[in-house]
Amino acid sequence: MKNSVKLFLLIIGLSIMSCNNAKTEKNIKMYSDTWDQIVNDGNLDLINNTNFTKDITMVSSPENIVGIDNFKAYYQNFITGFSDIKFTVIDIFGQDDKIVKHWNFKGKHTGDFFGIPATGKSVDIEGVTIAKMKHGKIAQEQDFMDNTVFMQQLGLASNPENIKVIDGLY
């Protein structure tokens, strides 16, 4: 009797793990496909209540960006600020309702970007996004990237190598 209870519990445990893996894989596919179409195709209409929760939150500083309209407006800056966009997911994995995406963004700054006039400079930046899913929809995101390198590529911040030159003068 004890062996059959153990076998039953093992089967239940494996079934639950299999369901969680299938759910995670489904979330990853939806997430990857959605972001590929939003950024590479410029399809901001996919930022909607089918793919995102109504209170989608971009964890940001100094304050979070909350809601579909605000989230869409935030990403509109990338679509209108850059041409020749190529967004690549380098690696993506998840567990339960959490997803981690390592990405690369390339583009040419040819339009207004968060109030920064076009510089004509090209950018090639990598970053990581941690996302939370809820009922198969994207509920929260937080991006991590080196903003100083990004601003340097836009020609808006000095290269840190210049500090060595300045230090050498004094």
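Under 24 Å from N51 (Cα atoms), among the charged types (D, E, K, R) and modelled with pLDDT of 95 or more: is that true of D69 in this structure? Here the answer is yes, as D69 does meet what is asked. Only one entry in D45, D91, D69 is over 16 Å from the mean Cα position of the chain (by Cα), within 14 Å of W35 (Cα to Cα) and free of Cβ contacts under 8 Å to residues at least 40 places away in the same chain, namely D45. Condition check for L7 on (1) more than 30 Å from T110 (Cβ to Cβ); (2) at pLDDT 95 or above: one failure, at (2). Would you confirm whether or not the range 115-135 contains a residue that is at pLDDT 95 or above, closer than 24 Å to N48 by Cβ and of a type in the set (V, I, T)? For the range 115-135, residues at pLDDT 95 or above, closer than 24 Å to N48 by Cβ and of a type in the set (V, I, T): present.
The values are calculated or read from the model by the stated rules, or taken from the named source; none is laboratory data. Please read these numbers as outputs of a predicted model, since none were measured by experiment. Neighbour counts run over all protein chains shown; Cβ positions are idealised from the backbone, glycine included.
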